[in-house]
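Q: This is the structure, below, for whatever I ask next.
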Amino acid sequence: MEVSVTQFIKGLPKAELHLHIEGSFEPKLMFEIAKRNGIKLPYTSVEELQAAYQFNNLQEFLDIYYQGAQVLLHEQDFYDLTWAYLLKIHEQQVHHTEVFFDPQTHTDRGVAFDTVLDGIYRALSDGEEKLGISFRLIMCFLRHLPESAAFKTLESALPHKDRIDGVGLDSSEVGHPPSKFERVFEQAGLHGFRLVAHAGEEGPSDYIWEAINRLHVIRIDHGNRCLDDDLLVKRLASRKIPLTLCPLSNKALQVIKNLNTYPLLAMMDHGLLVTLNSDDPAYFGGYLNENYEAVAQALSLTKPQLVTLAKNSFSASWLSNPEKEQALKRIDAYYDAHKH
Ligand code: HPA
Ligand code: ZN
């Protein structure tokens, strides 16, 4: 029996490397948690909330995303949020995930750093134990806030170094270049955190150069705009600096017009280590498989191209080399069994 591309994607072992846990907050769960916490959302129903998910740019999305996160108060809230995401990706054959969280979104409302971290981490540990999903955790600084606030956040994270693998940079990009956080990233690096940053989503290719040369990141989140600069593309390719692309996010935030012109194959031809990810799946219309599926349909991807993308997702991850090799073997075995 021929296996369709859709079926092929569903069973393909994958890793996710660009996922904001607050962006996986589904409207139904948001209403449930709001109710139990006695918080009133400015919408009367799930449908009314979902109808507000129409964005012209990154900032319009961020305004709604931060508003949604305000109902999260207790450790159990952060657990439930994270557990719901894990159950979803478990259905989708996502075997490894590297999750972002935004502590400042919560600490600025008076929620303790430990409450946020404890809830997310407990769910991730349960996910590893009960669902077999391995994970890494990345704490992001909100770039629209001052450097001093990022330093304070780094300070709060230091007692929890054993549970936080990396630091990243997200929120409103234009006007907040990576260089604003050069000193805090230097400190984070000295403390042993792995470094990543959102760059070149709405911001220019210069921001990607800054992320590499001044923040010393080992992965670029989004990075679409690298294609404006040939030298940068060569640098990313020769240094094998992965890009974590998010196609449905780019479509929803109008970073790109439509997926038919998504430059994924051009990037692969240039030798870039590109991966597909969902970014904020509750807001952008799909989890990881929906992202693979949308791109596969728009660009008529072949099974070998999908295999390359899945392999890239593990190669670009922070798993150990033996774990990566095991994952790549699993993908090869899957391809052999489902190539026709
Ligand atoms: N870009 C910047 N900040 C974000 C995003 C994004 O795509 N998602 C959540 N925070
Ligand atoms: Zn993102």
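Q: Looking only at the range 77-94, how many residues end up being touching a Pro at 6+ places or on another chain (Cβ under 9 Å) and more than 13 Å from residue 282 (Cα to Cα)?
A: Going through the range 77-94 one residue at a time, the tally reaches 2.
Q: Next question, about the same structure. Quickly run through the range 227-245 and pick out the residues that are touching a Phe, Trp or Tyr at 6+ places or on another chain (Cβ under 9 Å) and either within 16 Å of ligand 2 (Cβ to nearest atom) or open to solvent by less than 30 Å² (accessible area, probe 1.4 Å) (or both).
A: 232, 245
Q: Considering the range 249-279 alone, what residues qualify as being within 11 Å of ligand 1 (Cβ to nearest atom) and assigned to a helix (DSSP H, G or I)?
A: 249, 250, 252
Q: From the set of residues in the range 308-322 that are free of Cβ contacts under 8 Å to residues at least 24 places away in the same chain and within 23 Å of the chain's Cα centre (by Cα), which is most open to solvent (accessible area, probe 1.4 Å)?
A: Per the stated criteria, the residue is 321.
Q: What are the pairs, 6+ residues apart or on separate chains, where a residue within the range 226-241 that is among the charged types (D, E, K, R) has its Cβ under 6 Å from a residue that is buried (at least 16 other Cβ atoms within 10 Å of the Cβ)?
A: Listed pairs, sorted by first residue: 228/205; 229/205; 240/273.
Q: Please tell me if residue 248 is within 15 Å of ligand 2 (Cβ to nearest atom), touching a Gly at 6+ places or on another chain (Cβ under 7 Å) and among the hydrophobic types (A, V, I, L, M, F, W, C).
A: When the stated conditions are applied, residue 248 passes them.
Q: Now for a separate question. For residue 325, which of the numbered conditions (1) surrounded by 22 or more Cβ atoms within 10 Å (Cβ to Cβ); (2) assigned to a helix (DSSP H, G or I) fails to hold?
A: So residue 325 meets the others, but not (1).
Q: If you don't mind, another one. Take the range 249-275 and flag every residue that is of a type outside the set (D, E, K, R), closer than 30 Å to residue 50 by Cα and open to solvent by 50 Å² or more (accessible area, probe 1.4 Å).
A: Those that are of a type outside the set (D, E, K, R), closer than 30 Å to residue 50 by Cα and open to solvent by 50 Å² or more (accessible area, probe 1.4 Å): 254, 258, 260, 261.
Q: Let me ask something additional. Here's a check for you: in the range 209-220, which residue that is in contact with a helix residue (DSSP H, G or I) (Cβ under 9 Å, 6 or more places away or on another chain) and within 16 Å of ligand 1 (Cβ to nearest atom) is farthest from residue 193 (Cα to Cα)?
A: Step by step, filter the range 209-220, then rank; the result is 210.
Q: Name the residue, out of 302, 275, that is within 14 Å of ligand 2 (Cβ to nearest atom), within 20 Å of residue 328 (Cβ to Cβ) and not acidic (Asp, Glu).
A: 275
Q: Which helices (runs of 4 or more DSSP H) does the range 83-193 wholly contain that include 1 or more residues that are surrounded by fewer than 18 Cβ atoms within 10 Å (Cβ to Cβ) and among the aliphatic types (A, V, I, L, M)?
A: Here the list reads 147-157, 182-190.
The values are calculated or read from the model by the stated rules, or taken from the named source; none is laboratory data. Predicted model only: the values in this text are computed from it and were never measured. A quick note on method: Cβ atoms are made from the backbone with ideal geometry, for glycine too, and the neighbour counts reach across all protein chains shown. The accessibility values were calculated without ligands, DNA or RNA, using every heavy atom of the protein model including side chains. Shrake-Rupley method; radii C 1.70, N 1.55, O 1.52, S 1.80 Å.
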